Amino acid sequence: MITSQTGRRRAASLGVTGLPVVLSVALLLITTPRAQAAEPASSNLDLMTELCTQIVEDIVGKIEPDMGTRTRLQVVPYGNSEEYGLLEDIFTRILDEKGMTAVLPSAQFPEDGDDDPLVLEYKVPVFRLIYTDVYRSHLIGGKKVRREANVRVSARLHSGAGELVWIGDSQADRSDQFSHSDIGRIQEGAYQFAKPEMPSSSWGKIVEPVFVSAIIVGMIYLFFSNQSDS
């Protein structure tokens with residue numbers, strides 16, 4: 001009988017002294033953040049520039065065989081909003097890298113020597129940059145922001161006389177996430193599209209991990225309570 005009482009006291013003692021340790025380990029596993037990538041996320045402007053550059057390179061690569069020996073190409077946008085200004089700069093740079101000149105709509109075209117000019121008209125049916133979610137993946141630690149970017153450009157190449165030479169489109173997409181504390185760098189630049197609206201945080205996203213943690217802690221407590229009563 002003495003041995004049995006002594007065993008119960010020892011079990012209870014182990015349950016009481018072991019509980020804080022187990023709780024600490026459980027909470028540590030719940031709240032320890034995953035290792036983050038060393039490379040910081042691109043700013044919104046850099047991200048959209050990368051996607052637009054990918055698209056312009058694709059379009060120019062497709063029409064390049066039709067250029068022949070021409071070194072000038074008139075590039076005509078269907079709009080004048082921010083995204084068209086960004087694409088105009090990229091078209092100019094990419095064509096220059098290939099040894100060609102982008103003739104902008106304000107310039108007189110064709111000029112002397114352009115007996116058979118080509119005109120590239122383009123429009124941007126999709127230019128989308130949004131924040132889809134703001135969340136905390138752990139009980140402690142900073143917030144994360146998920147974002148999505150989608151760009152699609154349609155274009156057609158025709159002669160100065162209006163004869164269609166090529167028609168097609170190209171698109172690029174990206175989705176990633178970044179630390180909310182890095183929002184200042186992410187949204188740098190004068191373009192308004194680089195500053196999309198931030199979605200509000202949901203209480204459910206905070207309550208859910210707390211609720212799960214409470215269940216885990218409760219189960220551990222019940223386990224040691226049962227051990228101490230045995």
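The values are calculated or read from the model by the stated rules, or taken from the named source; none is laboratory data. Bear in mind that the values here come from a model prediction, so they are computed numbers and not experimental data. Quick reminder, even Gly has a Cβ in these numbers, built from the backbone with ideal geometry, and neighbours come from all protein chains shown.
Quick one: count up the residues across region 114-147 that are hydrophobic (A, V, I, L, M, F, W, C), more than 18 Å from E50 (Cα to Cα) and in contact with a helix residue (DSSP H, G or I) (Cβ under 8 Å, 6 or more places away or on another chain). Explain how you work it out, then say what you get.
Initially, region 114-147 is screened for residues hydrophobic (A, V, I, L, M, F, W, C), giving 118-120, 124, 126-127, 129-130, 134, 139-140, 145.
Pick out the ones that are also more than 18 Å from E50 (Cα to Cα) and you get 118-120, 134, 139-140, 145.
With in contact with a helix residue (DSSP H, G or I) (Cβ under 8 Å, 6 or more places away or on another chain) added as a condition, the list becomes 118, 120, 134, 139-140, 145.
Number satisfying all stated conditions: 6.
Which one of these is within 20 Å of F91 (Cα to Cα) and either at pLDDT below 95 or part of a helix (DSSP H, G or I) (or both): F193, F211? So that I can check it myself, show each step before the final result.
Working: F211 fails: within 20 Å of F91 (Cα to Cα).
The unique qualifying residue is F193.
Quick check on this structure: which one of N80, N150 is at pLDDT 95 or above and either closer than 18 Å to C52 by Cβ or in a strand (DSSP E or B) (or both)? If you could, list the steps in order and put the result at the bottom.
Numbers: N80 fails: at pLDDT 95 or above.
Residue meeting the stated conditions: N150.
Looking at region 159-190, which of its residues are assigned to a strand (DSSP E or B), surrounded by fewer than 16 Cβ atoms within 10 Å (Cβ to Cβ) and over 17 Å from the mean Cα position of the chain (by Cα)?
Selection gives S159, L164, V165, W166, I167, G168.
Filter region 103-141 for residues that are assigned to a loop (DSSP other than H, G, I, E, B) and at pLDDT 85 or above; which is surrounded by the most Cβ atoms within 10 Å (Cβ to Cβ)? It would help to see each step written out before you state the result.
To start, the set of residues in region 103-141 that are assigned to a loop (DSSP other than H, G, I, E, B) comprises 104-117, 136-141.
Then keep just the ones that are at pLDDT 85 or above; that gives 104, 117, 136.
Working: L104: 14, P117: 18, R136: 16.
Checked region 103-141; the qualifying residue surrounded by the most Cβ atoms within 10 Å (Cβ to Cβ) is P117.
Could you tell me whether T69 is under 23 Å from the mean Cα position of the chain (by Cα), on the phi < 0 side of the Ramachandran plot and either assigned to a loop (DSSP other than H, G, I, E, B) or surrounded by 18 or more Cβ atoms within 10 Å (Cβ to Cβ) (or both)? Lay out the reasoning, then the answer.
Working: under 23 Å from the mean Cα position of the chain (by Cα): no; on the phi < 0 side of the Ramachandran plot: yes; either assigned to a loop (DSSP other than H, G, I, E, B) or surrounded by 18 or more Cβ atoms within 10 Å (Cβ to Cβ) (or both): yes.
The answer is no for T69.
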